[in-house]
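This report concerns only the one structure given below.
The values are calculated or read from the model by the stated rules, or taken from the named source; none is laboratory data. Just so we're clear, the structure is a prediction, and the values are computed from it rather than from any experiment. Here the Cβ positions follow ideal geometry from the backbone for every residue, glycine too, while neighbour counts run over all protein chains shown.
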C-alpha cells in the first residue's frame, strides 16, 4: 500500500508538481506535469529536490524511484518558462542543480523509472540516477546540439563516464535519440520493461535492493561513487575509502543481525545502523 510522506509544498495552491509516497521501504517521487510532458520548471525543481531531501531524512525509505505522470518521463527544461524569464532552479537550493536532482546526492540508491519520452534534461536525470528501467517504447537522447545548446545538466559529463567514449560522443554530437533496446545494449539502463509496466519493474528491482541491509547498501553506493574517479584500483586512496566503509559496516548492528540471522536460518530484521 502506498502512503504519502508529507503534504507537498504546493498543497493549497493547485496541483503538486511532484508528489512523494512510500511503498514499504521504497519511496516513489512522481513528476506530475503531464500536460507539459513533465518539463522542468521551478516548481518541479523545488518539488523533486524536496522529495529527495525528505526521503533522505526518512529512515524507512531505503530506495527512491523517480518517475513521471502520463506518457512522458521528462521532456527536459520548460522552454516556455525560460522564454518568460522564469527561474527553473529549486527555490533557495541552486546547489541541487537541474530539476533539484542532477547534483543532489543522496545516500540511498535512486532508480529512474523511464515511463516514456525522456530527451535532453530527462536523459540527464536518468544519467544522474544510480539505476534505470525504461519502457520498451521510450527513447533517450541529448538533442541540445540540434538547438544550439549544450547538455549542461550533466549530460556531457556523465555520458562518457557511463558508456564507451565513442558511443557517448555519438549520443551527444548527433543529438539523435536512441530506443530502449539500444540504451540497454550501451549500458545506459538496467532493464527494458514491457510497455506500460515500467514502474512495476522498477519497484521490483527497488524491492530487491531494499531487502538488503540499509547501511551496507548506502556504504556500497558511497564507496563506488567516491572511488570512481581515483584512477588505479591498486592505489592507496581508493583502498582508504573502502576500508573506512568496511569498518563502519563491521561495527554496525546490521552486521551482527545479519550474521545471527544467517546462523539461525531466518530473515534478518534490519535497523539501518
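Miscellaneous remarks
- Residue in the stretch 96-105 that is closer than 27 Å to residue 210 by Cβ, out of contact with any helix residue (DSSP H, G or I) (no Cβ under 7 Å at 6 or more places or on another chain), without any contact (Cβ under 8 Å) to a residue 60 or more places away in the chain and not in a strand (DSSP E or B) present: yes
- Residue 108 being touching a helix residue (DSSP H, G or I) at 6+ places or on another chain (Cβ under 8 Å), closer than 30 Å to residue 216 by Cβ and part of a loop (DSSP other than H, G, I, E, B): yes
- From 150, 140, 173, residue being surrounded by fewer than 23 Cβ atoms within 10 Å (Cβ to Cβ) and either in a strand (DSSP E or B) or in contact with a helix residue (DSSP H, G or I) (Cβ under 6 Å, 6 or more places away or on another chain) (or both): 150
- A single entry from 201, 189 fulfils the requirement of being surrounded by 13 or more Cβ atoms within 10 Å (Cβ to Cβ), in contact (Cβ under 8 Å) with a residue 60 or more places away in the chain and not in a loop (DSSP other than H, G, I, E, B): 201.
- Residue tally, condition closer than 22 Å to residue 27 by Cβ and either outside any helix (DSSP H, G or I) or over 15 Å from the mean Cα position of the chain (by Cα) (or both), over the stretch 218-251: 3
- Among the conditions (1) at pLDDT below 95; (2) touching a helix residue (DSSP H, G or I) at 6+ places or on another chain (Cβ under 7 Å), the only one that residue 69 does not satisfy is (1).
- Members of the stretch 213-245 that are free of Cβ contacts under 8 Å to residues at least 24 places away in the same chain and farther than 20 Å from residue 161 by Cβ: 234, 236, 239, 240, 243, 244
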